[in-house]
Amino acid sequence: MNLSQGSPEVTHLRASSRAPEAVGTRPRVIAVSRDVVHRFSKQPAAEIRLVAGLGVEGDAHAGTTVQHRSRVAVDPTQPNLRQVHLIPAELLAELAAAGFEVEPGQLGENVMTSDLDLLSLPRATRLRLGEHAVVELTGLRNPCRQIEDFRPGLLKEVVGRAADGSVVRKAGVMAVVITGGTVRPGAAIAVRRPAGPHVALDRV
């Protein structure tokens with residue numbers, strides 16, 4: 001699957017208005033990305049390999065302890081609850097409608113999904129990505145000023161307020177790797193929610 005700029009798949013990401021998990025749709029992986037260097041954006045890849053307890057092989061954020069530099073500065077011994085970053089492709093369509101053209105990998109995610117309402121899933125939900133790889137959701141990505149540096153005005157599009165005044169974070173979810181495996185664009189996603197009571201995702 002070619003995810004280069006201007007490809008039919010990327011065009012679909014920008015134009016799609018389907019509701020996540022709509023009737024007749026099947027959650028799947030749209031794109032995968034990684035980067036060995038600490039940068040805001042990651043490089044799209046033909047495949048990524050997830051390693052249990054570590055994250056994405058060859059990615060700067062892989063490790064058993066925190067790898068995000070802001071977290072390392074506070075306490076480098078914290079467990080790494082942000083091994084894998086997932087973003088719904090539907091977000092790109094929302095951003096395009098607001099005038100922001102964003103390509104897969106540019107928001108720093110490792111896995112872009114389609115037809116799956118990631119933000120509504122409870123903490124500890126497990127996602128099987130393809131045949132073998134399994135990740136467990138730990139929380140929401142907390143968007144920071146790097147998003148504004150990437151595209152001025154973008155931060156307000158991914159952080160908003162609900163009717164009750166609570167903060168709504170739309171920049172994806174974080175996960176840890178439970179079972180390793182290779183993940184490629186087009187892979188099916190199977191969802192297993194934890195036994196109740198469910199706990200909503202919060203920033204991590």
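Rounded to the nearest whole Hz, the Karplus-based 3J(HN,Hα) values (6.51 cos²θ - 1.76 cosθ + 1.60, θ = phi - 60°) of the range 140-155 follow the sequence 8, 5, 9, x, 10, 4, 4, 5, 5, 5, 5, 9, x, x, 6, 4, with x at glycine and proline. Summarising the amide proton neighbourhood of R34: residues at separation of 5 or more, or on other chains, whose placed amide H is nearer than 5 Å comprise Q43, A45.
Loop-only check: which trypsin sites (Lys or Arg not before Pro) in the range 35-106 are DSSP coil with at most 14 other Cβ within 10 angstrom? When the trypsin sites (Lys or Arg not before Pro) of the range 35-106 are filtered for loop state and at most 14 Cβ neighbours within 10 Å, R39 remain. Between the range 26-57 and the range 129-172, the alpha-carbon centres lie 17 Å apart.
The string of couplings for the range 158-163 from the Karplus curve (6.51, -1.76, 1.60, θ = phi - 60°) is 10, 10, x, 10, 7, 4 Hz, one whole number per residue in order, with x for Gly and Pro.
Given the DSSP H assignment, sum -39500 (n - 2.57) over each helix run of at least 4 residues in the chain and divide by its residue total; what's the result at 222 nm in deg cm²/dmol, nearest 500? If you can, show how the numbers build up before the last one.
Values: 5 runs with 33 residues, N = 204.
About -4000 deg cm²/dmol.
For the range 106-120, backbone nitrogen atoms closer than 14 Å to the point 7 Å from S166 Cα along Cα-to-C-beta are found at 119-120.
Suppose the chain between D202 and A190 were pulled fully straight at 0.36 nm per residue; how much longer would it get relative to their current alpha carbon spacing? Numbers along the way, then the final one.
Details: separation 12, 0.36 × 12 = 4.32 nm, distance 2.20 nm.
Contour length minus Cα-Cα distance gives 2.1 nm.
The calculated FRET efficiency for D117 paired with E57, based on their beta-carbon distance and R0 = 30 Å, is about 0.60.
Could you tell me what percent of the accessible area of the chain is made up of carbon and sulfur, with a 1.4 Å probe and every protein chain present? Numbers along the way, then the final one.
Details: 5010 of 9800 Å².
Roughly 51 percent of what the probe reaches on the chain is carbon or sulfur.
Tabulate in residue order the Karplus-calculated ³J(HN,Hα) for the range 164-169, using 6.51 cos²θ - 1.76 cosθ + 1.60 with θ = phi - 60°, rounded to whole Hz; enter x for Gly and Pro. Going residue by residue, I get 8, x, 6, 6, 10, 9 Hz, with x marking Gly and Pro. With the Cα gyration tensor of the range 71-118 giving a ≥ b ≥ c as the square roots of its eigenvalues, does the rule (a/c under 1.5 for rounded; else a/b larger than b/c for prolate; else oblate) give rounded, prolate or oblate? Prolate.
If you count only protein heavy atoms with a 1.4 Å probe, what accessible area per residue comes out for the chain, rounded to a whole Å²?
Values: 9800 Å² over 204 residues.
Heavy-atom accessible area per residue stands at 48 Å².
Database remark: amide H of G55 closer than 5 angstrom to the amide H of G63, V177 (H placed geometrically; neighbours at sequence offset of 5 or more, or on other chains; Pro and chain starts carry no H).
Less than 5 angstrom separates the built amide H of D117 from those of E21, all sequence-distant by 5 or more or on a different chain. Among the GluC sites (Glu not before Pro) within the range 105-193, those in coil by DSSP and having at most 13 neighbouring Cβ atoms inside 10 Å are E131.
Classify the range 68-161 as rounded, prolate or oblate from the Cα gyration tensor: take a ≥ b ≥ c as the square roots of its eigenvalues, call it rounded if a/c is under 1.5, otherwise prolate when a/b beats b/c and oblate if not.
Values: a/c = 1.94, a/b = 1.14, b/c = 1.70.
Judged from the Cα gyration tensor, the range 68-161 comes out oblate (a/c at least 1.5, b/c at or above a/b).
Using just the alpha carbons, could you tell me how many Å³ per residue the convex hull of the chain encloses?
On the way: hull volume 26.5 nm³, N = 204.
Per-residue hull volume (Cα only) is 130 Å³.
Kirkwood analysis of the Cα pair distances in the range 120-187 returns a hydrodynamic radius of 13.9 Å.
The values are calculated or read from the model by the stated rules, or taken from the named source; none is laboratory data. Small disclaimer: the values here were computed from a predicted structure and weren't measured. No Cβ is skipped: glycine too gets one built from the backbone with ideal geometry, and neighbour counts run over all protein chains shown. Only protein heavy atoms, including side chains, enter the accessible area calculation; ligands, DNA and RNA are left aside. Shrake-Rupley method; radii C 1.70, N 1.55, O 1.52, S 1.80 Å.
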